[in-house]
Each structure stands twice: as C-alpha cells, then as structure tokens.
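Enquirer: So that we are looking at the same thing, I have put the structure below in structure tokens.
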Amino acid sequence: MPQRHRLKRASPHAAVVSALALLLCTPQAWSGEELSVLTMPQALSDTPFASEREAVIWRREELKDIESLVRQLRFDLVNNQDFEAASPRLLELQERASAQRLLPAFIESTHGSGSEAKASIWEEWDDFAAGFTDLEDKIAHLIDVAEQQNPRDTARALSEVGASCKSCHRAYRYD
C-alpha cells in the first residue's frame, strides 16, 4: 500500500532563507521609474544588468536551472510521490519562473552570439511575454493540485508546465 504524505508549507525560517537566497541571486531592482512587468526592455538602462552580455548569460543559466528544477520535481512528484520533498521546490519554481523575474533579461536585440534566443522574441514580444503568464498560471495550478496529493492529476499538471516551456522553446529558442 503506497504511503501517503501531506504537503507541508515550508517553515517560516526556511521561507526566509529561501527568499534571501533568491534575492541574492536575482539582479538588483531598477532604480527610478519601474517598468511594467511585460514591457520589453528597450535598452540596458531599462534593466538591473550591468551589460547586455551579463543579461544573456544570466537568463541562459537561470532557464537551465529552472529546467533542472522541473526535472527534480518530476522525480519528487511523479516517481517518488513525495509531496513533502517537492513543496519547497514548487515554491522555488513559482518564484524563479515568473515574468517579473525573467523578462528584464530579454533586452531588445540581445540575440546572436552566446544567446540561444531567436530575433522573433522581440518581433513578437506580446506573445512571448504572454507565454510567461501562461507558465505562471500552469505553475500555480500545479501547486494547487500537488497540495491535493493526487498523483495522476499532479503528473498531468507537471506535464502542462513542461508543455508550456517546450512551446516557447520551439518558437523562440535555437536548439
């Protein structure tokens, strides 16, 4: 008989530590007037980055880390059905895969050498940004379903998160 685990919220101490770690790893916030989350950064000065190269490297590494996090969640939620172990990773995914956090790294025309990004990102910015909104919605749904500890529904919701990532990659990333 499979053992049932309750999905627990991270302790307040763990939540503070995780939040501080994410803040330290996230580029500094804009000074001055804040841009809309979904507004395309037109220039380096619109972002928290010191150079376009820094933005490209940061986004590439951050997206790879998010991909690894999704793989770990598949292991936790689908293979092991360990909802307790997955809980802090789900919250981390929700924080790290947000439009607010990632879109500033897509400074207009930062494709080409060292970047896997296609130029169509900036030509189709509204659709590109909407993909992040879709991803955020799917992650929120995954968290809700995981809290119910239904392995089949959780696996389906995790697959939807992966499908959202893949659809964006097909359209906007060189392989």
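The values are calculated or read from the model by the stated rules, or taken from the named source; none is laboratory data. Computed from a predicted model, the values in this text were never measured in an experiment. With ligands, DNA and RNA removed, areas are computed over all heavy atoms of the protein, side chains included. Shrake-Rupley method; radii C 1.70, N 1.55, O 1.52, S 1.80 Å.
Enquirer: How large is the accessible surface of W122 in square angstrom, using a 1.4 angstrom probe and rounding to the nearest 10?
Expert: 20 Å²
Enquirer: Now for a separate question. Using modelled backbone amide H atoms (1.01 Å from N, in-plane), which distant-in-sequence or interchain residues come within less than 5 Å of A117's amide H?
Expert: Hits under the 5 Å cutoff: G112, Y174.
Enquirer: Follow-up. Under 16 Å between alpha carbons, and skipping anything fewer than 8 positions from K138 in its own chain: which aspartates and glutamates qualify?
Expert: E67, E92, E95, E147, D153, E160
Enquirer: Would you rank S167, S45 by solvent-accessible area, highest first, keeping every protein chain in place and using a 1.4 Å probe?
Expert: Heavy-atom accessible area, descending, gives S45, S167.
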